[in-house]
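The values are calculated or read from the model by the stated rules, or taken from the named source; none is laboratory data. It should be emphasised that the depicted structure is a prediction, and the values quoted were computed from it without experimental measurement. Here the Cβ positions follow ideal geometry from the backbone for every residue, glycine too, while neighbour counts run over all protein chains shown.
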Amino acid sequence: MMKIFLIGFMGCGKSTVGRKLAKELGWMFIDLDHELEKEMGMAIGQYFDLHGEIAFRQLESRVLKSFSYPDNCVVATGGGVPCYFDNMDWMNANGTTVYIEMTPAALARRLENGRAQRPLLKALSEKELIDFIEQKLGERHVFYRRALIIIEGISLTADALIAALNLND
């Protein structure tokens, strides 16, 4: 029985590589953001606008800890999940955490086209986007680095994750 929690900044590939990893292992894939949207009955951006970040982070923590996870699953978390309440401690106690690490410049390139769908980024210029990522990574680094496994996100594959997790047969 194993739960793999993928953590890292938005745009690092948690959902993309998480789906591939789950498929490769024959496990269930869970996107925590999608579960939150089901719970809220609206998009995360709408919830942010209506209720604010604090209410969102409280709900996010509750969903993280109360979700009915199957025995073997890969979970893509939101970028801020490890940084609030005791979420990082909870994930480390209940599964294997993997930090997908990327530079601010690489993240900015990935996030450039999808900013409108991301509440924290939608109003930022290109320069502000890089500054924002650098600032947030600086704040979040201490939480992200508590992951049990840290792996470089550029060109990350499911096979590389399987090797890092020692799941090779």
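Would you be able to say whether some residue in segment 89-96 is surrounded by 14 or more Cβ atoms within 10 Å (Cβ to Cβ), touching a Phe, Trp or Tyr at 6+ places or on another chain (Cβ under 9 Å), under 16 Å from Gly8 (Cβ atoms) and among the β-branched types (Val, Ile, Thr)? Taking every residue of segment 89-96 in turn, at least one turns out to be surrounded by 14 or more Cβ atoms within 10 Å (Cβ to Cβ), touching a Phe, Trp or Tyr at 6+ places or on another chain (Cβ under 9 Å), under 16 Å from Gly8 (Cβ atoms) and among the β-branched types (Val, Ile, Thr).
Only a single criterion out of (1) farther than 18 Å from Cys12 by Cα; (2) at pLDDT 95 or above is not satisfied by Val74, namely (1). Is it the case that Leu124 is more than 22 Å from Gln58 (Cα to Cα), of a type in the set (A, V, I, L, M, F, W, C) and surrounded by 14 or more Cβ atoms within 10 Å (Cβ to Cβ)? So Leu124 fits the description; yes. Once segment 98-128 is narrowed to residues that are polar (S, T, N, Q) and farther than 13 Å from Gly153 by Cβ, the residue that is farthest from the chain's Cα centre (by Cα) is Ser125.
Determine whether segment 60-78 contains at least one residue that is closer than 16 Å to Pro119 by Cα, of a type in the set (Gly, Ala, Ser) and surrounded by 18 or more Cβ atoms within 10 Å (Cβ to Cβ). Yes, segment 60-78 contains at least one residue that is closer than 16 Å to Pro119 by Cα, of a type in the set (Gly, Ala, Ser) and surrounded by 18 or more Cβ atoms within 10 Å (Cβ to Cβ). A search for C-beta distances below 7 Å between a residue of segment 17-44 that is over 18 Å from Ile151 (Cβ atoms) and any residue that is among the acidic types (Asp, Glu), counting only pairs 6+ apart in sequence or on different chains, returns Leu36/Glu60; Ala43/Glu37; Ile44/Asp33; Ile44/Glu37. Within segment 133-168, the residues that satisfy the criterion of being in a loop (DSSP other than H, G, I, E, B) and either among the basic types (Lys, Arg) or over 14 Å from the mean Cα position of the chain (by Cα) (or both) are Arg145, Arg146, Leu148, Ile154, Ser155, Leu156, Thr157, Leu165, Asn166, Leu167, Asn168. Remark: Lys136 matches the filter, which requires a residue to be buried (at least 16 other Cβ atoms within 10 Å of the Cβ), over 30 Å from Met1 (Cα atoms), out of contact with any His (no Cβ under 6 Å at 6 or more places or on another chain) and touching a residue at least 40 places away in the same chain (Cβ under 8 Å).
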